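Chemist: Next up is a structure, given as structure tokens.
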Amino acid sequence: MRRDVQEGQARCLFHLGRHKEALDIAEKMRNGATNTDHLTTVLNLQFAIYQGLENVEKKITCLQQLICLHPFNPWYWKLLAEAYMSLLQSLSLLVIPETNLKQSEEVNVSDNSFKTSTGREIDLQRHKSDSQKEGLWSSLASETKRENGVICSGSCQAVKEFLCTLEEPERMDEGKCAASESWEQNTSKKVGIKACASFIRARLLLQLTQSQQSSFALENNIKGQKEIDDKVAQLGFDENSLLLVTKVMGQDLIPEKLKEEFQGEVKCIGPSALLSLVTASATEFEIKWFGNVQDDLCHFDRQFC
């Protein structure tokens with residue numbers, strides 16, 4: 001009952017705009033968790049708060065930790081894929097070519113376009129999908145400035161720093177990472193692969209559970225698969241690449257494991273052991289789940305290297 005009250009307090013505080021207090025309560029709940037059900041509740045709470053704050057980096061971290069606990073939950077994988085899509089959208093705004101702007105033009109960012117002081121607009125609607133509407137558009141509208149022909153913002157820089165930390169250890173020098181001429185292009189490919197792999201993993205899980213469902217559960221399942229198909233199509237992978245990603249992301253999908261997962265077993269293993277289940281870094285998570293996908297795609301087609 002105490003935990004239920006604390007969760008309710010945190011959600012109320014968040015809706016009142018008292019975000020730090022809400023996150024403090026969530027952290028106390030996390031430290032006091034004694035089973036996987038407790039930890040799942042806290043991570044869902046933190047995810048909801050960060051989603052409201054439009055903090056895509058923290059959203060990804062929460063979802064990765066939820067997947068560590070529930071690797072066969074299709075909805076967590078779908079949410080993770082959508083978070084990567086938001087990150088990909090943010091990355092596409094890190095650099096606007098010099099040729100698109102005149103030296104004398106100042107730039108303002110709106111939900112759908114960059115508007116210059118001369119009244120000219122650069123349309124961004126074509127980059128925007130329904131799943132990305134809650135992304136970083138509002139934060140991109142603040143503190144925007146132009147330096148040496150490049151559009152920059154505080155939020156874009158935060159995204160760049162976050163993405164740099166996901167590079168392999170030998171590439172962890174953020175200065176070199178940010179200064180590389182091909183950094184944005186290479187990172188876009190990697191984030192796109194992660195989004196695609198997460199979507200496909202979610203679709204595989206939904207397909208495996210479809211035969212066991214009926215009524216609204218089956219309706220949601222089919223609707224989710226249709227949404228995934230549309231999002232994967234937007235990423236532009238060819239059929240052979242998609243088949244390869246599907247093979248890699250479905251290697252561990254054994255019906256017996258899925259049956260155990262959806263029985264909703266609660267594991268009571270103590271606070272310290274419980275936290276160790278989700279303390280893997282983002283880099284470790286992505287190497288585990290996406291490392292083989294990246295390697296196989298690179299072997300199959302050099303454009304993914």
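Chemist: If you take every residue apart from Phe199 with its C-beta less than 13 Å away from the C-beta of Phe199, what net charge results, scoring Lys and Arg +1 and Asp and Glu -1? Please list the in-between numbers first.
Modeler: Values: positive: Lys78, Lys194, Arg201, Arg203, Lys226, Lys231; negative: Glu82, Glu227, Asp229, Asp230.
Cβ neighbours under 13 Å give a net charge of +2.
Chemist: Here is a follow-up. For Asn35 and Gln207, what is the calculated FRET efficiency with R₀ set at 30 Å and r taken between the beta-carbons, to the nearest 0.05? Could you put the intermediate results ahead of the total?
Modeler: Working: r = 30 Å, r/R0 = 1.00.
Calculated value: 0.50.
Chemist: Can I ask one more? Only counting other Cβ atoms within 10 Å, I'd like Lys20, Lys247 sorted with the fewest neighbours first. Show your work: numbers first, answer last.
Modeler: On the way: Lys20 9, Lys247 13.
In order of increasing Cβ crowding within 10 Å: Lys20, Lys247.
Chemist: While we're here: Given the C-alpha centroids of the range 44-70 and the range 202-248, what is the distance between them in whole angstrom?
Modeler: The range 44-70 and the range 202-248 have Cα centres separated by 22 Å.
Chemist: Any chance you could run the full-extension gain for Ser92 through Asp229? It's 0.36 nm times the residue separation minus the Cα-Cα distance, nm to one decimal.
Modeler: On the way: separation 137, 0.36 × 137 = 49.32 nm, distance 2.21 nm.
Gain in length upon complete extension: 47.1 nm.
Chemist: Here is a further query. Distance check, please: which entries in Lys59/Lys247; Lys28/Lys190; Lys194/Lys223; Lys59/Lys226 exceed 32 angstrom between their Cα atoms?
Modeler: Working: Lys59/Lys247 27 Å; Lys28/Lys190 35 Å; Lys194/Lys223 22 Å; Lys59/Lys226 23 Å.
Exceeds cut-off: Lys28/Lys190.
We did not get these values from a lab; they are worked out from the coordinates using the rules stated. Treat the numbers as computed from the prediction; the structure is a model and nothing was measured. Quick reminder, even Gly has a Cβ in these numbers, built from the backbone with ideal geometry, and neighbours come from all protein chains shown.
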